[in-house]
Amino acid sequence: MLSKSKHIKSNSMEIHYIQKLLLMDLALKPELYFKDFVRVKSTGIEKDLLNYHLQTLVKQEYVYKVSKIYRISNKGKKYVGNLDFENQEVETLPKVTVMVGIFRKIGKSKQVLLAKRLKAPFLGSYSLITGKIKWGERLEDTVKREVKEETGLKVNKAKLIGIRRLIDKDAQTGEVLLDPFFMMHRVDDFSGELIKTTKECENIWVDIKDTNAYNVLLGAKEMIKKEHSKWEKVAFKESDVSLGKF
């Protein structure tokens, strides 16, 4: 007899493997009667146990029921969208983030705002302002939110100047540790007073010619070096790297 207790953790909640099979059936046929869940029934599951897991999915809003017909919800569609049907595991996908270079000119000095990381990964390293794009959030809004949260500054205008992918692999094993896409933005027009220290970083203005003295992470280093002031088109670059300190 199949157990009710075998769970696999996924995305902060537990999805039973039987529930995965039910969702996979509904992903292929959006409307099913109870008798039509063939993928699960082929495992020899008892009727009562199948019903238990199906009602659990309804309760958790992965599935909803209209009359006697079961349908997959938007929440369920999001889940199966990341599900590998062959091994029944949720896939780890690349993260999409912003990287924001904030520049200013003081007299003849061109400066960039560096953020020293106060948490892992890359604790103690320097970078530009970075942050994850929230679900449904526009790029410009992400840039403004992250800069405000991490520096206290208000972005008046930002320009998308490049897309950078860094596939960070362990130098010995080749295991992928991080796989972010950076939507790289340049900001010259901003206002407000800089917050020097937050929970996640210490912020410091550095003359561009002096940045080599700091342990600046690769993507940020490239952006500072080029300044991207002459870029007319959005550029994309993809690299396998081993950044070391994770």
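The values are calculated or read from the model by the stated rules, or taken from the named source; none is laboratory data. Values in this document were obtained by computation on a predicted structure and should not be read as measured data. Every residue, glycine among them, receives a Cβ derived from its backbone with ideal geometry; neighbour counts consider all protein chains shown.
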Legend entry - Number of positions in the range 126-140 that are buried (at least 19 other Cβ atoms within 10 Å of the Cβ) and over 23 Å from residue 157 (Cβ atoms): 1
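Just to verify a result, which residue in the range 73-93, among those that are among the charged types (D, E, K, R) and outside any strand (DSSP E or B), is nearest to the chain's Cα centre (by Cα)?
So in the range 73-93, the residues among the charged types (D, E, K, R) come out as 75, 77-78, 84, 86, 89, 91.
With the extra rule that they be outside any strand (DSSP E or B), the set shrinks to 75, 77-78, 86, 91.
Numbers: 75: 18, 77: 18, 78: 15, 86: 24, 91: 13 Å.
Looking at the filtered set, the residue picked out is 91.
To keep it simple, each residue is scored yes or no on (1) modelled with pLDDT under 85; (2) surrounded by fewer than 17 Cβ atoms within 10 Å (Cβ to Cβ); (3) assigned by TED's automatic domain parsing to the domain that holds residue 102.
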| position | (1), (2), (3) |
| --- | --- |
| 152 | no, yes, yes |
| 179 | no, yes, yes |
| 183 | no, no, yes |
| 187 | no, no, yes |
| 221 | no, no, yes |
| 225 | yes, yes, yes |
| 229 | yes, yes, yes |
Legend entry - Hits in the range 61-72 - residues which are surrounded by 15 or more Cβ atoms within 10 Å (Cβ to Cβ) and not in a strand (DSSP E or B): 62
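So which residues in the range 18-53 are among the basic types (Lys, Arg) and within 34 Å of the chain's Cα centre (by Cα)? Before you say what the answer is, go through the steps one by one.
Step one: of the range 18-53, the residues among the basic types (Lys, Arg) are 20, 29, 35, 39, 41, 47.
Correct list: 20, 29, 39.
Residues being assigned to a helix (DSSP H, G or I) and within 19 Å of residue 85 (Cα to Cα): count how many of those fall in the range 22-49. Reasoning before the result, please.
Here is the first cut: in the range 22-49, the residues assigned to a helix (DSSP H, G or I) are 22-28, 34-36, 38-41, 47-49.
Now restrict to residues that are within 19 Å of residue 85 (Cα to Cα): 22-28, 36, 38-41.
Total meeting the criteria: 12.
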Inset, instruction - Could you grab me the full set of residues in the range 77-124 that are in contact with a strand residue (DSSP E or B) (Cβ under 7 Å, 6 or more places away or on another chain), among the polar types (S, T, N, Q) and within 19 Å of residue 181 (Cα to Cα)? - result: 82, 97
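Listed residues 134, 95, 105; which is basic (Lys, Arg) and over 30 Å from residue 23 (Cα atoms)? Steps first, answer last, please.
Numbers: 134 fails: over 30 Å from residue 23 (Cα atoms); 95 fails: over 30 Å from residue 23 (Cα atoms).
Only one candidate passes the filter, namely 105.
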Inset, instruction - Residues being more than 19 Å from residue 134 (Cα to Cα) and out of contact with any Asp or Glu (no Cβ under 6 Å at 6 or more places or on another chain): count how many of those fall in the range 77-96. - result: 8
Legend entry - Any strands (runs of 3 or more DSSP E) falling wholly within the range 157-224 and containing at least 2 residues that are over 19 Å from the mean Cα position of the chain (by Cα) and of a type in the set (Asp, Glu): 180-191, 201-207
Inset, instruction - Tell me, yes or no, whether the range 169-183 has at least one residue that is in contact (Cβ under 8 Å) with a residue 24 or more places away in the chain and closer than 16 Å to residue 221 by Cβ. - result: yes
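Can you tell me which of 103, 122 is assigned to a loop (DSSP other than H, G, I, E, B), of a type outside the set (D, E, K, R) and surrounded by 15 or more Cβ atoms within 10 Å (Cβ to Cβ)?
Values: 103 fails: assigned to a loop (DSSP other than H, G, I, E, B).
122 is the lone residue from the list that is assigned to a loop (DSSP other than H, G, I, E, B), of a type outside the set (D, E, K, R) and surrounded by 15 or more Cβ atoms within 10 Å (Cβ to Cβ).
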Legend entry - Top-ranked residue in the range 146-181 [being in contact with a Lys or Arg (Cβ under 8 Å, 6 or more places away or on another chain) and basic (Lys, Arg); ranked as nearest to residue 121 (Cα to Cα)]: 165
